[in-house]
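S.K.: Before I ask anything, let me first share the structure, which is written out below as structure tokens.
Where a number appears in this text, it was derived from the coordinates with a stated rule and is not lab data. Please read all numbers here as calculations on a predicted model, not as lab measurements. Reconstructed Cβ throughout: ideal geometry from the backbone, glycine too, with neighbour counts over all protein chains shown.
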Amino acid sequence: MKKPELVILAAGMGSRYGGLKQIDAVDGQGHIIIDYSIFDAIEAGFETVTFIIKKQIEKEFREIMDAHLDGKGVNVKYVYQELDKLPEGYEVPEGRSKPWGTGHAIACCLGVVDAPFAVINADDYYGKGAFAKIYDFLANESSDKSYAMVGYKLKNTVTDKGGVSRGICNTNEGGELVSINETSGIETDGKDIFNETEKGKTMLDPEAIVSMNLWGFPASFVSECYARFPKFLRDNLSQKPEKCEYYMPSVITELLTEGKISVTVLDCPDKWYGVTYKEDKPDVVNAFAELIAKGEYPKEF
């Protein structure tokens, strides 16, 4: 079996953040969140990293990553997620600028990623334990039917700077994923966690397990995303041509419903850090300063 690889979703421009947050420094040494994720990934055993980006950010992104990864011994690949990467017979709808979603990003990896792989967001910090758990799962699992997800407690993934979207997970007694409830507008007032809908405020369980887009897949998941994309377009383009998105969790839900896979949920007690909003950045900078002070990371790496 091939060694597990790491795929990093970095094509999003961060509209709520207001800039190219994937390459925004989070410490005094110029490290970005991706640097910490790759540090943890290498420590866990990953040796190959594939970045999924847009062509329009390629020059700036590659200049930074080439410099940051120099001498790290990492095999780096790039995949380009573009609006016009569509199945034959389809065209980009007039007025569409929104990316096609994370499922499309993985579909774009066809012919590039052909080993078991983990997927992460470029702008999220997952913690050392998460990479160790997902690598161990991928290195010891050879079935095309066995998937994994690192699950976080909802209370460890919210920001007080605005609403966020989280996939709230339902699991069975064996710790396997049954379904994901995509929930948007999740907020916290520092005490309670809730989401606001047209029907009013709904209180949410702070201990609920949520997905932060840290998944472990067999290589065949790339083909699944690629093969199912045309049906998504047929079902959704006529209704929401400018906004419909093809998500990884939607593909996973389809496969679960069809009984073709099982998804092991790997619990992670770590706190998530991310820069959904510009106002989040000082908290993230302080968090990394504390981790360095505790000896979790060297000041220079």
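S.K.: DSSP loop trypsin sites (Lys or Arg not before Pro) in the stretch 209-290 with at most 15 other Cβ atoms within 10 Å of their Cβ, which ones? Let's see the in-between values first.
M.R.: On the way: sites: R228, K231, R234, K243, K260, K271, K278; in loops: K243, K260, K271.
Within the stretch 209-290, the qualifying trypsin sites (Lys or Arg not before Pro) (loop, at most 15 other Cβ atoms within 10 Å) are K243, K260, K271.
S.K.: Report, by chain and number, residues whose modeled amide H sits under 5 Å from the one on V158, excluding near sequence neighbours (fewer than 5 apart, same chain).
M.R.: Counting only residues 5 or more places away or on other chains, the set is empty.
S.K.: With a cut-off of at most 10 other beta carbons within 10 Å, and DSSP calling the residue loop, which GluC sites (Glu not before Pro) in the stretch 57-103 qualify? Please list them. Spell out each step's value before the answer.
M.R.: On the way: sites: E58, E60, E63, E82, E88, E91, E94; in loops: E82, E88, E91, E94.
Counting only loop positions with at most 10 other Cβ atoms within 10 Å, the GluC sites (Glu not before Pro) in the stretch 57-103 are E88, E91, E94.
S.K.: Straight-line reach from K278: which lysines fall under 18 Å, measuring Cα to Cα and dropping same-chain residues less than 8 apart?
M.R.: K21, K161
S.K.: Go ahead and estimate [θ] at 222 nm for the chain from helices alone: -39,500 (n - 2.57) per DSSP H run with n ≥ 4, summed, over the residue count, rounded to 500. Could the numbers behind the result be given before it?
M.R.: Numbers: 7 runs with 83 residues, N = 301.
Helix contribution divided over all residues of the chain: -8500 deg cm²/dmol.
S.K.: Ranked by Cβ crowding within 10 angstrom, fewest neighbours first, how are I64, I209 ordered?
M.R.: Least crowded to most crowded, the residues run I64, I209.
S.K.: Inverting the mean 1/r over all pairs of different Cα atoms, compute the Kirkwood radius of the chain and quote it in Å. Mind showing how you got there, number by number?
M.R.: Details: mean 1/r = 0.0503 Å⁻¹.
When all Cα pairs of the chain are included, the Kirkwood radius is 19.9 Å.
S.K.: OK, next. Within the set of other residues whose C-beta is less than 9 Å from the C-beta of N156, count the net charge using Lys and Arg as +1 and Asp and Glu as -1.
M.R.: Here the charged neighbours net out to +2.
S.K.: Test of understanding: in a Gaussian network model of the chain with alpha carbons linked when under 10 Å, which of T197, T50, T188 would top the mean-square fluctuation ranking?
M.R.: For the chain, modelled as a Gaussian network with Cα springs under 10 Å, the answer is T197.
S.K.: Separate question: Which value in nm describes the separation of the simple spin-label points at K299 and D235, placed 7 Å from the Cα toward the beta carbon?
M.R.: Inter-label distance under the simple model: 5.4 nm.
S.K.: Counting Lys and Arg as +1 and Asp and Glu as -1, what is the net charge of the other residues whose Cβ lies under 11 Å from the Cβ of E254? Write down the numbers at each step before the final one.
M.R.: Numbers: positive: R228, K231, K260; negative: E224, E258.
Once all neighbours under 11 Å are counted, the net charge is +1.
S.K.: Counting other C-beta atoms within 10 Å, which of V112, V119 has the fewest, and how do the rest follow?
M.R.: Values: V112 14, V119 24.
By the 10 Å Cβ count, ascending: V112, V119.
S.K.: I've got another one for you. Tell me the relative contact order for the chain as a rounded percent, counting alpha carbon contacts under 8 Å between residues six or more apart.
M.R.: Values: 537 pairs, mean separation 75.2, N = 301.
Reported relative contact order: 25 percent.
S.K.: Give the residue list of GluC sites (Glu not before Pro) in the stretch 203-301 that are DSSP loop and have at most 12 other beta-carbon atoms within 10 angstrom. Walk me through the intermediate numbers first.
M.R.: On the way: sites: E207, E224, E242, E245, E254, E258, E279, E290, E296, E300; in loops: E207, E242, E245, E258, E296, E300.
Those satisfying the criteria are E207, E242, E258, E300.
S.K.: With an 8 Å Cα cut-off and a minimum separation of 6 or more residues, compute the relative contact order for the stretch 1-152 in percent.
M.R.: On the way: 189 pairs, mean separation 55.4, N = 152.
In percent, rounded to a whole number, it is 36.
S.K.: Sorted from fewest to most neighbouring beta carbons within 10 Å, what does the list I32, I106 look like?
M.R.: Neighbour counts put them in this order, fewest first: I32, I106.
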